[in-house]
Amino acid sequence: MNLFRRIVFYGGAAIDLVKFILIVAVAVLLIHFFVGTIFIVSGDSMFPTFKDGQVVFSNKITYSLNQPARGDAVIVLYPGDPTNKKYIKRIVALPGEKIAINTGRVYIGNTKLEESYLPLGVESYPNGEWTLKNNEYFLMGDNRPNSNDSRYFGPVERRFLFGKASFIIWPDFREP
């Protein structure tokens, strides 16, 4: 018993390294489950805001304290397969709103939506109208011609919003 005690409390570099690794692992797990996690962008649906292969920090706490806002870039669990697929999209319409897409323009109610995050000349198709329920959000990618979003899979319930895309950690995770 005395030898075990000496190794654990005075074991030297090897024991210190194991303790350090355990502390870091516990801290990373706590951050992952309660604060936020990383998300690797896959595809060009949010180009040029987010590019394929970029590593983004997804903040989970933001929506515990505040409601999601129009214009937020969010990580969303794909409603058709929430355990396996996550997308990054932008909130365009909020709960209870009526959204319409007509001749390439987006309208909330009868007001044209100003989308400063979109590149000039980007238009939204196909035409359509949706009225959101009290817990639904309408999401679209910034690269409208190349985005699978609420125009196709419908409005998304609040429970599928995983977190807010807060900042880019690494410009490109892939090898050149």
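A few notes on this one:
- Once the range 110-123 is narrowed to residues that are modelled with pLDDT of 95 or more and of a type outside the set (D, E, K, R), the residue that is surrounded by the most Cβ atoms within 10 Å (Cβ to Cβ) is LEU113.
- Residue check, GLY96 exposed (fewer than 12 other Cβ atoms within 10 Å of the Cβ), of a type outside the set (Asp, Glu), within 14 Å of TYR137 (Cβ to Cβ) and touching a residue at least 24 places away in the same chain (Cβ under 8 Å): yes
- Residues that are among the hydroxyl-bearing types (Ser, Thr, Tyr), in a strand (DSSP E or B) and more than 16 Å from the chain's Cα centre (by Cα) within the range 106-147 comprise TYR107, THR111, SER124, THR131, listed in sequence order.
- Residue, surrounded by the fewest Cβ atoms within 10 Å (Cβ to Cβ), within the range 148-169, restricted to residues that are outside any helix (DSSP H, G or I) and over 15 Å from the mean Cα position of the chain (by Cα): GLY154
- Qualifying residue in the range 75-96 (condition: closer than 23 Å to SER42 by Cα, out of contact with any Pro (no Cβ under 9 Å at 6 or more places or on another chain), assigned to a loop (DSSP other than H, G, I, E, B) and modelled with pLDDT of 95 or more): no
- Considering (1) part of a strand (DSSP E or B); (2) under 19 Å from LEU139 (Cβ atoms); (3) aliphatic (A, V, I, L, M), the lone condition that ILE38 does not fulfil carries the number (2).
The values are calculated or read from the model by the stated rules, or taken from the named source; none is laboratory data. Every value quoted in this text rests on a predicted model; they were computed, and no experiment measured them. Virtual Cβ from ideal backbone geometry, glycine too; neighbours counted across all protein chains shown.
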